[in-house]
């Protein structure tokens with residue numbers, strides 16, 4: 001951690017935000033500013049510094065956030081999955097919260113109340129552990145689970161008996177548990193913005209499913225693994241992007257034009273990078289103008 005206090009008081013939502021080696025400090029701070037404006041309830045930000053450059057401290061400056069530095073080499077896929085897993089355990093041990101929002105630094109909150117909607121949805125659906133862009137995105141396009149399903153089969157393959165023995169054994173155990181609970185290979189909520197019930201994370205931790213020595217070498221994405229772990233813990237995944245759901249995200253670019261996402265009532269969007277016809281700066285500037293002038297104070 002980087003010189004930040006651990007807040008012991010209750011916060012409804014813990015925001016887990018990784019900061020990678022290519023992060024733009026100003027842009028990521030703008031994402032934090034959007035949270036300050038639009039979060040409806042008490043929250044705290046746990047920044048996972050995956051940059052290898054100490055960028056997390058620069059991002060957190062002036063914001064009451066906790067920074068947790070990665071203890072292994074940086075990267076995506078398995079490396080990021082490892083950092084998210086260990087940081088989630090850290091969060092469970094150090095914070096009192098109801099809901100965790102996993103958020104990318106190129107996501108943006110553009111409207112109020114998504115956190116309260118998530119808490120209400122979890123209360124209404126006690127079997128649901130993860131809310132996000134699940135089987136459909138916000139404009140109704142079906143999401144394709146085939147690529148992560150094939151990658152999971154590759155990871156379970158016999159050739160990894162010697163190459164990744166611990167990871168393969170762990171995956172075989174977790175997949176067996178998940179399949180008994182109705183898991184469909186590859187199912188997941190897109191990790192750019194997804195809500196997790198605390199009880200689900202605790203159930204994963206109790207089963208020691210976050211513990212695998214070489215998780216960092218897997219080719220599975222962090223969100224693919226979290227979908228698997230949610231099912232292994234006995235919980236379900238649910239759409240939180242369709243209809244009145246607040247999430248409007250895509251893997252690359254935005255799923256619709258910014259103005260259309262506002263009209264649809266979406267409150268968290270991704271990715272504001274690489275959207276055709278608009279730069280990230282233009283999109284950030286557009287939504288910064290729409291924010292409340294004073295915003296809302298952080299509540300740690």
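The values are calculated or read from the model by the stated rules, or taken from the named source; none is laboratory data. Since the structure is predicted, the reported quantities are computational estimates derived from the model, not experimental observations. Here the Cβ positions follow ideal geometry from the backbone for every residue, glycine too, while neighbour counts run over all protein chains shown.
Matching residues to (1) modelled with pLDDT of 95 or more; (2) surrounded by 15 or more Cβ atoms within 10 Å (Cβ to Cβ); (3) within 20 Å of residue 14 (Cβ to Cβ):
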{"position": "100", "(1), (2), (3)": "yes, yes, yes"}
{"position": "107", "(1), (2), (3)": "yes, yes, yes"}
{"position": "116", "(1), (2), (3)": "yes, yes, yes"}
{"position": "127", "(1), (2), (3)": "yes, no, no"}
{"position": "135", "(1), (2), (3)": "yes, yes, no"}
{"position": "138", "(1), (2), (3)": "yes, yes, no"}
{"position": "144", "(1), (2), (3)": "yes, no, no"}
{"position": "150", "(1), (2), (3)": "yes, no, no"}
{"position": "170", "(1), (2), (3)": "no, yes, no"}
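Considering each of 130, 66, 86 in turn, give the residue that is over 16 Å from the mean Cα position of the chain (by Cα) and over 21 Å from residue 273 (Cα atoms). Reasoning before the result, please.
Values: 130 fails: over 16 Å from the mean Cα position of the chain (by Cα); 86 fails: over 16 Å from the mean Cα position of the chain (by Cα).
66 is the lone residue from the list that is over 16 Å from the mean Cα position of the chain (by Cα) and over 21 Å from residue 273 (Cα atoms).
Per-residue answers, yes or no, for (1) farther than 21 Å from residue 113 by Cβ; (2) surrounded by 22 or more Cβ atoms within 10 Å (Cβ to Cβ); (3) modelled with pLDDT of 95 or more; (4) touching a strand residue (DSSP E or B) at 6+ places or on another chain (Cβ under 7 Å):
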| position | (1), (2), (3), (4) |
| --- | --- |
| 1 | yes, no, no, yes |
| 8 | yes, no, no, no |
| 19 | yes, yes, no, yes |
| 37 | no, no, no, no |
| 41 | no, no, no, yes |
| 47 | yes, yes, yes, yes |
| 50 | yes, yes, no, yes |
| 55 | yes, yes, no, yes |
| 74 | yes, no, no, no |
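Within the range 17-33, take every residue that is touching a helix residue (DSSP H, G or I) at 6+ places or on another chain (Cβ under 6 Å) and not in a helix (DSSP H, G or I) and give me the one that is farthest from residue 92 (Cα to Cα).
23
Where residues in the range 34-67 are in contact (Cβ under 8 Å) with a residue 60 or more places away in the chain and part of a loop (DSSP other than H, G, I, E, B), which of them is nearest to residue 193 (Cα to Cα)?
Only one residue tops the list, namely 39.
For residue 219, work out the one condition from (1) outside any helix (DSSP H, G or I); (2) out of contact with any helix residue (DSSP H, G or I) (no Cβ under 8 Å at 6 or more places or on another chain) it doesn't fulfil.
(2)
Only helices (runs of 4 or more DSSP H) wholly contained in the range 113-197 count here; list those with 1 or more residues that are touching a helix residue (DSSP H, G or I) at 6+ places or on another chain (Cβ under 7 Å). So that I can check it myself, show each step before the final result.
Working: elements: 114-124, 146-156, 160-163, 165-180.
Of the helices (runs of 4 or more DSSP H) lying wholly inside the range 113-197, those with at least 1 residues that are touching a helix residue (DSSP H, G or I) at 6+ places or on another chain (Cβ under 7 Å) span 146-156, 160-163, 165-180.
Would you point out the residue of the range 260-282, among those that are crowded, with 20+ Cβ neighbours inside 10 Å and not in a loop (DSSP other than H, G, I, E, B), that is farthest from the chain's Cα centre (by Cα)?
261
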